[in-house]
1. With each run of n ≥ 4 DSSP H residues scored as -39500 (n - 2.57), what mean residue ellipticity at 222 nm is computed for the chain after dividing by its residue count and rounding to the nearest 500 deg cm²/dmol?
2. Pick from Q135, Q225, Q263: which is most flexible by mean-square fluctuation in a GNM of the chain where alpha carbon atoms under 10 Å apart are linked?
3. Which distance in nm do the two modelled labels at Q52 and S383 give, with both placed 7 Å along the Cα-to-Cβ direction?
4. Put a dot 7 Å past each Cα toward the Cβ at I25 and S115; how far apart are the dots in nm?
5. Please list, ordered by chain and number, the residues whose modelled amide H lies under 5 Å from the amide H of Y7; skip anything fewer than 5 residues away on the same chain.
6. Around L136, under 13 Å between beta carbons, what's the net of Lys plus Arg minus Asp minus Glu among the other residues?
7. Return the long-range amide H neighbours of V125 (sequence gap of 5 or more, or a different chain), with a cut-off of under 5 Å between placed amide H atoms.
8. Kindly point out which whole DSSP H helices in the chain project their C-alpha atoms 30 angstrom or further along the helix axis while averaging a Kyte-Doolittle hydropathy of -0.5 or above.
Amino acid sequence: MSNRPIYLDSHATTPVDERVLAAMIPYFTEKFGNPASISHVYGWEAEAAVKQTRQLLADAINAASEEIVFTSGATEANNLAIKGVAEAYFQKGQHIITIATEHKAVLDPCEYLRSLGFGITILPVQENGLIDLNQLENAFRPDTILVSVMAANNEIGVLQPLAEIGKMCSDRQILFHTDAAQAIGKIPLDIEEMNIDLMSLTAHKVYGPKGIGALYVRRRNPKVQLAPQQHGGGHERGMRSGTLYTPQIVGFGKAVEIALAEQETENQRLTALRERLWKQLSNLKGIYLNGHPQQRLAGNLNISVEGVDGAALSLGLQPVVAVSSGSACSSANTAPSYVLTALGHSAPLAYASVRFGIGRFNTVEEIDIVAQQAISTIQSLRSSLVITY
Ligand SMILES: *Cc1c(COP(=O)(O)O)cnc(C)c1O
């Protein structure tokens, strides 16, 4: 283990916390029942565990437990929210607004709906990665049924102004969905204060297991209608059929419980690590921070480096640190990601970007090793160039 690269890719996924794993284990073996079995103790104990996580997740976002629908992750939650609303409300209107820096799990369902005839407006973002609320104001149409804007960006970490967007949507009786995959457990989320009608969650970005997530679906003021995207036994009040995955659900709950309990101190620690990394890197010339400098996730540092080739930088870092250039889904591609492009970055001949995702198990020592490796790699790549920095 010790000679493996330092993991700084926490936006792609995170390890399962040992405390989370310990909570999950009994639900694979002795407490293996189907939560839908109502006539024996095996079912009851599984159902009790599911109920506990449902309440915990609801409390985490100031919702009610009946408003939590378990899914396989945020991708499925986004699909259910966007396609489910489109199908349920198409007679009211067929226009949806989103932003250019969304995860593909939001953009692709929107593009699919466009192919079916829906109107999709994809708003650009400002240079700092934040939505321009004036542009949102101008994008509303009488037939707009849904706005989908993410809570925290998976590449540049910026936090969108959810409360402002929610208020604008609520005033117009337009539903507001947010993809909070990167945000749950990391920043305060409140569906009432922020006027959020649908919220996608996932466990594996917050030290929980992969393959489990949830969609919050508002039940009153207004009651959101949702057309199920997966039909079957009628689980999750008909919105998402399929036997509930009890161990993963238990792990999801434990992961969020821990993250909330440690949120404040952990954010301070991560901010200090991020600033330590940035302080060292920014001693070099021609290095830029992507995304709003303050309004961002504590653990995110996304930089662009002039005068080096993206693939060469990635190769130089690889033995020492596991990071991503752009997003994990497209990291084989060294062209600037669509998120960075949306910030108005042009692509100079030699140009590289790196996303550092600092997490729960990273230490000061690791940050210093990574900083040194990045600096020496950048310097040696640049020394082979004619331009001096
Ligand atoms: C990781 C991520 C997703 C996908 O979540 P899965 O649970 O892996 O399906 C969606 N949106 C954002 C912003 C993410 O970071």
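Rule-based calculations on the coordinates, nothing more; no lab input. The structure presented is a predicted model; accordingly, all values stated were derived computationally and were not measured. Using ideal geometry, Cβ is built from the backbone for each residue, glycine included, and neighbour counts are taken over all protein chains shown.
1. Per the formula, -11500 deg cm²/dmol.
2. Q135
3. Those two pseudo-labels are separated by 5.8 nm.
4. Inter-label distance under the simple model: 4.6 nm.
5. For Y7, whose amide H was placed from the backbone, the distant partners under 5 Å are A322.
6. Cβ neighbours under 13 Å give a net charge of -1.
7. Answer set, sorted by chain and number: A100.
8. 246-281
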